[in-house]
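Here is the structure we will look at, set down as structure tokens.
The values are calculated or read from the model by the stated rules, or taken from the named source; none is laboratory data. In this text, all values refer to a predicted model and were calculated from it rather than measured experimentally. No Cβ is skipped: glycine too gets one built from the backbone with ideal geometry, and neighbour counts run over all protein chains shown. Quick note on the areas: whole protein, heavy atoms, side chains included, nothing else; ligands and nucleic acids left out. Shrake-Rupley method; radii C 1.70, N 1.55, O 1.52, S 1.80 Å.
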Amino acid sequence: MAPEERALPDRWPRISKFVLSACAASVAELVYSGVRMVAYEQLRDSPLGKGESETFPLWKAVVGGMAAGAIGQFFASPTDLVKVQMQMEGKRRLEGKPPRVRGVYHAFVTIVSKGGIRGLWAGWVPNVQRAALVNMGDLTTYDTVKHFLLRNTNLKDNSLCHSISSICSGLVAATLGTPADVIKTRIMNQPRDTHGRGTLYKSSTDCFIQAVRGEGFLSLYKGFVPTWMRMAPWSLVFWLTYEQIRRIVGVASF
């Protein structure tokens with residue numbers, strides 16, 4: 001048998017892990033984005049209100065963006081936890097450690113068996129904090145920049161305006177979200193005792209203090225460039241697609 005043929009079976013577990021991880025990430029993003037977008041528009045159009053001038057003041061956009069992100073991430077925390085654990089399997093394999101989970105369903109079962117239903121929300125506090133900051137950068141910046149451009153420039157409500165707004169939102173979201181992302185990842189991946197409690201960090205505040213004391217403030221921005229490189233195209237594709245879908249189905253522009 002040729003070497004290529006003998007190596008083929010070994011590739012399938014890796015491919016299947018990648019597919020399962022991608023599916024977990026897609027489900028987490030679907031729940032998160034769906035809830036946050038609906039929540040933001042409800043807050044913008046109802047309790048917070050745009051006011052008589054039909055404009056949404058910056059402070060209201062900030063409150064709405066943070067609240068929408070927090071709500072969306074709270075509902076998506078179980079799927080996000082599974083996604084993170086699936087993504088960590090590749091690293092564990094490289095380190096020669098045994099796999100913890102075999103798939104999405106097994107990850108859910110393992111988490112529930114160790115920590116109960118509450119275990120699905122392990123690390124939800126830093127998760128929600130991160131989402132609030134990221135959405136303050138994403139939703140708030142996009143909404144504010146877009147309507148600023150429409151009111152004060154000759155730009156129309158088209159793809160160019162949407163692109164400029166999304167580029168700004170991606171940069172601000174990465175700047176605000178990277179520290180929270182570092183803390184969230186450390187808390188969600190720390191070892192846990194038999195009661196499901198973390199053994200390294202007591203809380204997100206404790207993680208923040210330990211990181212700054214031990215590694216300096218800039219440690220909170222480890223991975224900023226790849227984070228921004230991920231957020232920038234994602235923000236561009238998401239907002240252009242979202243605006244086009246709204247136009248196609250006959251819904252007013254965001």
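Key figures for this structure:
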{"item": "Filtered residue count, the range 228-246, keeping only those that are surrounded by fewer than 17 Cβ atoms within 10 Å (Cβ to Cβ), modelled with pLDDT of 90 or more and of a type in the set (D, E, K, R)", "result": "1"}
{"item": "In the range 99-142, residue modelled with the lowest pLDDT [restricted to those that are open to solvent by 30 Å² or more (accessible area, probe 1.4 Å) and touching a Leu at 6+ places or on another chain (Cβ under 7 Å)]", "result": "VAL104"}
{"item": "Complete set of residues in the range 204-223 that are assigned to a helix (DSSP H, G or I), under 29 Å from LEU236 (Cβ atoms) and open to solvent by 10 Å² or more (accessible area, probe 1.4 Å)", "result": "LEU218, TYR221"}
{"item": "Tabulated pairs, the range 149-168, first farther than 14 Å from GLU243 by Cβ, second surrounded by 11 or more Cβ atoms within 10 Å (Cβ to Cβ) and at pLDDT 90 or above, C-beta under 6 angstrom, 6+ apart or interchain", "result": "CYS168/THR141; CYS168/VAL145"}
{"item": "Residues of the range 141-158 that turn out to be among the polar types (S, T, N, Q) and assigned to a helix (DSSP H, G or I), as a count", "result": "3"}
{"item": "Pairs, first acidic (Asp, Glu) and modelled with pLDDT under 75 in the range 183-203, second surrounded by fewer than 19 Cβ atoms within 10 Å (Cβ to Cβ) and assigned to a loop (DSSP other than H, G, I, E, B), C-beta under 7 Å, six or more apart", "result": "ASP193/THR199"}
{"item": "Hey, ARG118 within 21 Å of VAL63 (Cα to Cα) and basic (Lys, Arg) or not", "result": "no"}
{"item": "All positions within the range 146-167 that are surrounded by fewer than 19 Cβ atoms within 10 Å (Cβ to Cβ) and not polar (S, T, N, Q)", "result": "PHE148, LEU150, ARG151, LEU155, LYS156, ASP157, LEU160, ILE164, ILE167"}
{"item": "Residue satisfying condition, being touching a residue at least 60 places away in the same chain (Cβ under 8 Å) and either of a type in the set (Val, Ile, Thr) or over 20 Å from PHE74 (Cα atoms) (or both), within set VAL134, VAL145", "result": "VAL134"}
{"item": "Residue satisfying condition, being of a type outside the set (Ser, Thr, Tyr) and at pLDDT 70 or above, within set LEU58, LEU94, LEU48", "result": "LEU58"}
{"item": "Within the range 174-203, considering residues that are polar (S, T, N, Q) and open to solvent by less than 20 Å² (accessible area, probe 1.4 Å), the one farthest from ILE117 (Cα to Cα)", "result": "THR178"}
